[in-house]
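Enquirer: This is the structure I want to talk about, given as structure tokens.
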Amino acid sequence: QLDVATERQPPATQTGATFARHAGCAGPEASECLRALTPDQILVAVERMGDDAAALGLVVDGHALTQTPMATMRAGGGARVPLIAGTVADEGTIFLSQTLIPDEEAYHRFLDDTFGDVVTPFILVLYPARDFETPWHAAAAVFGDALFTCPTREVMRAHTVRGNPGWLYYFGHVTGEGRRRGLGAYHASEVPFVFGTNA
């Protein structure tokens, strides 16, 4: 998500107003009210937003954010601090329903719909369905690498090329939940191990 901020300021403003309403912050004191929210109150407000919460995210507005974080890092910006970042072996499984991609034809459609029919043939060279347990596993691998693994590695390259210390981790342990649901080492399953908490 570091490189997908949008420049759609009016929709972002509307989303902000929706969030403020669900957080109980309205009127001329809304800004002060929002700044005073606790993390728990923010999470509750996001939950109350329901489907509208999908619009929350980075917005390049020219004021608070002049470019995406990834663009900043590519240009040599960013904090000069030690950084640890990582991914899990099966990042994409939790995001794709297994019934969505029951066969190879559905896998090809998924790639066309997600990445475009011009790019699909190149992806199929690297992720042919025959190399995976099922076409769904192939789709999950593509999705996880595109959205998480590759961007994480790009962040670390941009960070360390300037001499900053950085470490990548790759988590492959399959928890009981991952085994029960057939998701493998799914997205965020490493959180309890990294931070020692389920929160």
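Enquirer: For ALA53, only one of the following conditions fails: (1) more than 22 Å from the chain's Cα centre (by Cα); (2) assigned to a helix (DSSP H, G or I). What is its number?
Expert: All conditions are met except number (1).
Enquirer: Test LEU37 against the criterion of being in contact with a Cys (Cβ under 8 Å, 6 or more places away or on another chain) and at pLDDT 90 or above, and give yes or no.
Expert: Spelling it out, LEU37 is indeed in contact with a Cys (Cβ under 8 Å, 6 or more places away or on another chain) and at pLDDT 90 or above.
Enquirer: Across the range 164-183, what is the number of residues that are open to solvent by 70 Å² or more (accessible area, probe 1.4 Å), in contact (Cβ under 8 Å) with a residue 60 or more places away in the chain and of a type outside the set (Phe, Trp, Tyr)?
Expert: Final tally of qualifying residues: 1.
Enquirer: Same structure again: Taking the range 89-105 as the search range and keeping residues that are among the acidic types (Asp, Glu) and out of contact with any strand residue (DSSP E or B) (no Cβ under 7 Å at 6 or more places or on another chain), which one is farthest from GLU190 (Cα to Cα)?
Expert: Among residues in the range 89-105 that are among the acidic types (Asp, Glu) and out of contact with any strand residue (DSSP E or B) (no Cβ under 7 Å at 6 or more places or on another chain), the one farthest from GLU190 (Cα to Cα) is GLU105.
Enquirer: Now a separate question. Just checking, which of GLY57, GLY78 is closer than 14 Å to ALA158 by Cβ, surrounded by 11 or more Cβ atoms within 10 Å (Cβ to Cβ) and either modelled with pLDDT under 80 or not charged (D, E, K, R) (or both)?
Expert: Just a single option satisfies the conditions, and that option is GLY78.
Enquirer: Contact list please: Cβ distance under 7 Å, first residue in the range 97-114 and touching a residue at least 60 places away in the same chain (Cβ under 8 Å) and more than 13 Å from ALA129 (Cα to Cα), second residue buried (at least 19 other Cβ atoms within 10 Å of the Cβ) and among the hydrophobic types (A, V, I, L, M, F, W, C), pairs at least six apart or on different chains.
Expert: So the pair list comes out as GLN98/TRP136.
Enquirer: Among the residues of the range 94-116, which ones are among the β-branched types (Val, Ile, Thr), more than 22 Å from PHE195 (Cα to Cα) and either part of a helix (DSSP H, G or I) or open to solvent by 20 Å² or more (accessible area, probe 1.4 Å) (or both)?
Expert: THR99, THR114
Enquirer: For the range 129-199, which helices (runs of 4 or more DSSP H) that fit wholly inside it have 2 or more residues that are within 19 Å of the chain's Cα centre (by Cα) and not small (Gly, Ala, Ser)?
Expert: 135-144, 150-160, 191-195
Enquirer: Further question on the same structure: Does PHE122 satisfy the condition of being under 17 Å from SER97 (Cα atoms), surrounded by fewer than 17 Cβ atoms within 10 Å (Cβ to Cβ) and either over 19 Å from the mean Cα position of the chain (by Cα) or of a type outside the set (Asp, Glu) (or both)?
Expert: Answer is no for this residue.
Enquirer: Kindly evaluate CYS25 against the criterion of being in contact with a Leu (Cβ under 7 Å, 6 or more places away or on another chain) and modelled with pLDDT of 90 or more.
Expert: So CYS25 passes the test.
Enquirer: Checking the structure you have, find out if any residue of the range 63-74 is at pLDDT below 95, among the basic types (Lys, Arg) and more than 30 Å from GLU177 (Cα to Cα).
Expert: Yes: the range 63-74 contains one or more residues that are at pLDDT below 95, among the basic types (Lys, Arg) and more than 30 Å from GLU177 (Cα to Cα).
Enquirer: I need the full set of residues from the range 142-163 which are farther than 28 Å from PHE110 by Cα and crowded, with 17+ Cβ neighbours inside 10 Å, in order please.
Expert: Once the filter is applied, which keeps residues that are farther than 28 Å from PHE110 by Cα and crowded, with 17+ Cβ neighbours inside 10 Å, the range 142-163 yields MET156, ALA158, HIS159.
Enquirer: Let me ask something additional. For the range 72-123, enumerate the residues that are touching an Asp or Glu at 6+ places or on another chain (Cβ under 7 Å), hydrophobic (A, V, I, L, M, F, W, C) and farther than 17 Å from THR149 by Cβ.
Expert: Across the range 72-123, there are no qualifying residues.
The values are calculated or read from the model by the stated rules, or taken from the named source; none is laboratory data. The model shown is predicted, which means the values in this text are computed figures rather than measured ones. Cβ atoms come from the backbone with ideal geometry, glycine included; neighbour counts cover every protein chain shown. These area figures cover heavy atoms from the full protein model, side chains too; ligands, DNA and RNA do not enter into them. Shrake-Rupley method; radii C 1.70, N 1.55, O 1.52, S 1.80 Å.
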